[in-house]
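The values are calculated or read from the model by the stated rules, or taken from the named source; none is laboratory data. Worth saying up front: this structure is predicted, and the values here are computed from it rather than measured. Backbone-built Cβ (ideal geometry, glycine too); neighbour counts: all protein chains shown. SASA here: full protein model, heavy atoms, side chains in, ligands and nucleic acids out. Shrake-Rupley method; radii C 1.70, N 1.55, O 1.52, S 1.80 Å.
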Amino acid sequence: MQELDNKKTIDLLNAIMEFELAGVVRYTHYSLMVTGPYRIPIVDFFKAQASESLLHAQQVGEILTGIDGGHPSLKIAPMEETYKHKVKDILQESLSHEQKALDLYKKFLHTVENASIYLEEFARNMIGQEEMHNLELKKMLRDFS
C-alpha cells in the first residue's frame, strides 16, 4: 500500500462535492422547466436526480471531513444557463453533466488506488452509479434521434 496524498484527495473531493451540489441546482431547475405530455414522470426523474446529487455531496463531505485537513467547500461548480428547455436538450445537458461526474470519480479512483481500500471501493461504487445514469440517459434520448 502507498501513502494517501491528502492534499490531492481533499482537492478532488471538494471538486466532486461542488459538482454534486451543482447537480442539485441543475436537476431542480430542470424539474421546474419540463413541459409536455410526459412532464410528470420526467419531473419525478429530475427530482430524484437532485436528491441523489445531494446525497452524494453529503457522502463526499463526510469522507472529506474524516481526512486530516479536510474542510468542505461552500462553493458549487460553475453552471451555464443555456435557456434550452425542450426535453431533448435537458436530457443531453444531463448526459453531459453525468459524464463529467463519471470523469471526476474516475480521477478520484486513480488518486486513491493502492492507498485506501475504503476510498477505492467508494469510488468504484460511485463510478458504477454514474455509469448507470449515463446508460439511462442514453436510453431516454433514443426516442429523440
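Given the structure, is GLY128 out of contact with any helix residue (DSSP H, G or I) (no Cβ under 9 Å at 6 or more places or on another chain) and either in a loop (DSSP other than H, G, I, E, B) or small (Gly, Ala, Ser) (or both)? Answer is yes for this residue. What number of residues in region 110-125 are in a helix (DSSP H, G or I), touching a helix residue (DSSP H, G or I) at 6+ places or on another chain (Cβ under 9 Å), among the charged types (D, E, K, R) and open to solvent by 50 Å² or more (accessible area, probe 1.4 Å)? Residues that pass the stated criteria total 1.
Note on region 1-55: among residues that are of a type in the set (Val, Ile, Thr) and open to solvent by 40 Å² or more (accessible area, probe 1.4 Å), the one that is farthest from PHE122 (Cα to Cα) is THR35.
Just to verify a result, which residue in region 94-109, among those that are open to solvent by 30 Å² or more (accessible area, probe 1.4 Å) and in contact with a helix residue (DSSP H, G or I) (Cβ under 8 Å, 6 or more places away or on another chain), is nearest to MET79 (Cα to Cα)? Among residues in region 94-109 that are open to solvent by 30 Å² or more (accessible area, probe 1.4 Å) and in contact with a helix residue (DSSP H, G or I) (Cβ under 8 Å, 6 or more places away or on another chain), the one nearest to MET79 (Cα to Cα) is LYS100. The single residue among GLU62, GLU3, GLU18 that is in contact (Cβ under 8 Å) with a residue 24 or more places away in the chain, in a helix (DSSP H, G or I) and among the acidic types (Asp, Glu) turns out to be GLU18. Summed over region 1-27, the residues that are over 25 Å from SER51 (Cα atoms) and touching a Lys or Arg at 6+ places or on another chain (Cβ under 8 Å) give a count of 0.
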